[in-house]
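The values are calculated or read from the model by the stated rules, or taken from the named source; none is laboratory data. All values derive from a computational prediction rather than experimental measurement. Here Cβ is always computed from backbone atoms with ideal geometry, including for glycine, and neighbour counts include all displayed protein chains. Each accessible area value is taken on the protein alone, full model and side chains, heavy atoms only, with ligands, DNA and RNA left out. Shrake-Rupley method; radii C 1.70, N 1.55, O 1.52, S 1.80 Å.
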Amino acid sequence: MTAPRVRFAPSPTGDLHVGSVRASLFNWLYARRFGGTFILRIEDTDRARSTDESTNVILEGMRWIGMEPDEGPFFQSQRGDLYRARLDELLDARKAYRCYCTKDEVAAKRADAERQKKLYRYDRTCRDRTDAPDLPFVVRAKLPEEGTVVIDDLVKGRVEVRNDQFDDLILARQDGSPVYNFTVVVDDIDMQITHVVRGDDHLNNTPKQIHLYSLLGAPLPAFAHLPMVHGANGKKLSKRDNVVSILQFRDLGYLPETMLTFLVRLGWAHGDQEQFTVEELTQLFDLKDVRPSAAVFDEKKLDWLNGFKLREMTPAALRDRARTFIEAVGIDPETTWVLRAVEALQPRANTLLQLAKGLRMFTDRGPVTYDEKAARKFLKEEQRERLTLLADRLAEIDDFQAPALEAATMAFLEEHEWKMKHVGQPCRVALVGGTVSPSLFDVMEIFGKDVSLARLRAAAAFAPSEE
Ligand code: GLU
């Protein structure tokens, strides 16, 4: 096998969608696996919709996830000379022609076809025209009128399309600007792309593009059209219902390696294996293992996977990965208690953002404001005695660390014939004001003796007295 040359060819017209990242990833992994070249080409010929901001988002997203191109980025907006040269060649060879039909004429013919309930196709009026009037024109390709075109798709299998469905394809508009189907083929030929791997929303363009390869006298690449990505609701992932921008996932505190290993599983599988390292993927990935049916973006699974990866780290590594998130909630990551608190939060946090937000419960060491509902439910009159007795007992501990605190609390419960449920949640409300926190003993250790005891006693005092 010759080394593959593959490309990711986004149009910079918005966010970098996770579906596009997945397409890019399949290209990138395929190149890595088979010692090939991964090319980035920004398809910015639509000047009205393309923005530099979107280009930057694409570059940033790819850098974040670790998919640096081996060649590029190339910009179609800078390749006009090449497209014009290819267009002239086709015109000279009479494989393309100037079409002078006006928009109004075409619209009238289209309306006519619609009235007759026929599929509209351009009637090729200008195909054999030999004069060259000084009028605006579009350039059209002479496409075959009969026969079929076959796509041997690596994912979809054999797809056959009849040629009589196609118009003589417009290659360049009246203002001279080349259209997507033309630039994409010219570039894929020029960049010697061996495998075109992209979303199956492009499958209907492929037959037209295959004809253009033939007109341009170039061999066909292999095609692989990837299934759409659906949300859990079974509908196409959309901005309205889902988080779809890769940088938004970054900002929510997902790890790039999570996104990478999660996205690759959207349509690709290696037996039943769920977990992969990036290294493993570059040794295992193959287009032939991509499934043709729609893939489902399961947000719960993503959370689980990210949490799993967070829990694999040492607390110090996790703190370092979460550094910018911790700073963003106003905490200096080097503060002494932070590392211990990261360790305490690690079993529950699924994202770096959740982790950082979780740290906030430890910043304030003064009196606690109780969540009203939690206080009503858990700081009842019996807690006056229980929390006071517990505080008295814990006051005897010098080594105020979680294991010692846990042992003392257990002994205390046994003596009084109480269960954890009799003091667990009340203690939590006493310490952090609400019902969600890491393990109580971790929390007490992080707050230290003075703050913890003060809070237990304050909650005891807060609980209503009997009379
Ligand atoms: N620029 C096209 C898009 O963003 C992709 C073209 C291709 O991969 O052939 O949809």
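First check a/c for the range 225-338, with a ≥ b ≥ c the square roots of the eigenvalues of its C-alpha gyration tensor; if it is under 1.5, answer rounded, and if not, answer prolate when a/b is larger than b/c or oblate otherwise.
Cα axes put the range 225-338 in the oblate bin.
Suppose the chain between residue 414 and residue 396 were pulled fully straight at 0.36 nm per residue; how much longer would it get relative to their current alpha carbon spacing?
4.8 nm
At a probe radius of 1.4 Å, what is the per-residue accessible area of residue 327, in Å² to the nearest 10?
100
Tell me what the chain gives for mean residue ellipticity at 222 nm when only DSSP H runs of n ≥ 4 count, each as -39,500 (n - 2.57), the sum divided by the residue total, rounded to 500 deg cm²/dmol.
Computed ellipticity for the chain at 222 nm equals -14000 deg cm²/dmol.
I'd like the Karplus ³J(HN,Hα) series for the range 185-194: coefficients 6.51, -1.76, 1.60, θ = phi - 60°, whole numbers in Hz, and an x wherever there's a Gly or Pro.
With the stated coefficients, the range 185-194 comes to 6, 4, 5, 5, 5, 4, 8, 6, 5, 9 Hz.
Quick one: which residues, 5+ away or cross-chain, put their amide H under 5 Å from the amide H of residue 50? H built at 1.01 Å from N.
The list, which skips near neighbours in sequence, is empty: none.
Residue 171's amide H: which non-local residues (gap 5+, or another chain) put their own amide H closer than 5 Å, with H modeled 1.01 Å from N in plane and none for Pro or chain starts?
139, 140, 141
With θ set to phi - 60°, apply the Karplus curve 6.51 cos²θ - 1.76 cosθ + 1.60 along the range 39-54 and write out the HN-Hα couplings as whole Hz, x wherever there is a Gly or Pro.
For the range 39-54, the Karplus curve yields 10, 10, 10, 8, 8, 10, 6, 7, 5, 5, 9, 7, 10, 5, 4, 5 Hz.
May I ask you to work out the translational diffusion coefficient for the range 1-109 at 25 °C, viscosity 0.890 mPa s, via Stokes-Einstein with Rh from the Kirkwood sum over Cα pairs, reported in whole µm²/s?
152
Whole-Å semi-axes of the range 153-302's equivalent ellipsoid, largest first, each the root of 5 times a Cα gyration tensor eigenvalue?
Ellipsoid semi-axes (Å, largest first): 33, 19, 16.
What FRET efficiency comes out for the pair residue 407/residue 236, r = Cβ-Cβ distance, R0 = 51 Å, nearest 0.05? Let's see the in-between values first.
On the way: r = 55 Å, r/R0 = 1.08.
For R0 = 51 Å, the calculated efficiency reads 0.40.
Using modelled backbone amide H atoms (1.01 Å from N, in-plane), which distant-in-sequence or interchain residues come within less than 5 Å of residue 96's amide H?
Distant-sequence amide H within range of residue 96: 91, 142.
Given 0.36 nm per residue, what is the gain on full extension from residue 380 to residue 128 after removing their alpha carbon distance, in nm?
81.4 nm
Top to bottom by accessible area (1.4 Å), largest first, where do 416, 225 land?
Sorted descending by solvent-accessible area, the residues read 416, 225.
Compute all pairwise cysteine Cβ distances in the chain, then list the cysteines with no distance under 4.7 Å to another cysteine.
That list is 101, 427.
Give me the one-decimal nm value for the distance between modelled label points at residue 116 and residue 56, 7 Å along each residue's Cα-to-Cβ direction.
5.4
How large are Rg and Dmax for the chain when calculated on the C-alpha trace, in angstrom?
When restricted to Cα atoms, the chain yields Rg and Dmax of 31.8, 107 Å.
Quick one: Karplus J couplings for the range 422-437, per residue in order, coefficients 6.51, -1.76, 1.60, θ = phi - 60°, nearest Hz, x for Gly and Pro?
6, 10, x, 5, x, 4, 5, 4, 4, 7, 10, x, x, 9, 10, 6
I want to verify the translational diffusion coefficient of the range 297-386 in µm²/s; compute it with Stokes-Einstein, Rh as the Kirkwood radius over Cα pairs, at 20 °C and 1.002 mPa s.
The estimated diffusion coefficient comes to 145 µm²/s.
Positive end of the charge dipole of the chain (Lys, Arg +1 and Asp, Glu -1 on Cβ, about the Cα centre): tell me which of 23, 310, 374 has its Cα farthest that way.
Checked the options; the winner is 23.
Straight-line reach from residue 373: which lysines fall under 20 Å, measuring Cα to Cα and dropping same-chain residues less than 8 apart?
Candidates past the 8-residue exclusion: 421.
Taking a ≥ b ≥ c as the square roots of the eigenvalues of the Cα gyration tensor of the range 220-266, is the shape rounded (a/c under 1.5), prolate (a/b larger than b/c) or oblate?
Since a/c reaches 1.5 but b/c is at least a/b, the shape of the range 220-266 is classed as oblate.
Given a Förster distance of 25 Å, report the FRET efficiency between residue 278 and residue 314 from their Cβ-Cβ distance, rounded to the nearest 0.05.
For residue 278 and residue 314, the calculated efficiency is 0.80.
Heavy-atom accessible area of residue 170 with all protein chains present, probe 1.4 Å, nearest 10 Å²?
60
Probe of 1.4 angstrom, ligands and nucleic acids ignored: what's the accessible area per residue over the chain, in square angstrom?
Computed with neighbouring chains in place, this is 49 Å² per residue.
How large, in percent, is the carbon and sulfur part of the accessible surface of the chain at a probe radius of 1.4 Å?
On the chain, the fraction of accessible area on carbon and sulfur atoms equals 49 percent.
How much accessible surface area, in Å² rounded to 10, belongs to the heavy atoms of residue 337 with a 1.4 Å probe?
Near enough 40 Å² of accessible area.
Can you tell me what share of the DSSP beta bridges in the chain is antiparallel? A percent to the nearest 5 is fine.
For the chain, the DSSP antiparallel bridge percentage is about 50.
What is the range 52-123 by shape, rounded, prolate or oblate, if you read a ≥ b ≥ c off the alpha carbon gyration tensor as root eigenvalues and call it rounded for a/c under 1.5, prolate for a/b larger than b/c, and oblate otherwise?
Taking the square roots of the gyration eigenvalues as a ≥ b ≥ c, the range 52-123 is oblate.
Could you sort 338, 179 by their accessible area in this structure, using a 1.4 Å probe and putting the largest first?
I get 179, 338, largest accessible area first.
Sorted by accessible area (1.4 Å probe), largest first, how do 239, 301 line up?
Solvent-accessible surface, decreasing: 239, 301.
With just the Cα atoms defining each centre, how far is the range 45-107 from the range 120-166? Give it in Å.
Cα centroid of the range 45-107 versus Cα centroid of the range 120-166: 20 Å apart.
Provide the net charge surrounding residue 76, with neighbours chosen by a C-beta distance below 10 Å and charges set as Lys +1, Arg +1, Asp -1, Glu -1.
Net charge in that neighbourhood comes out at -2.
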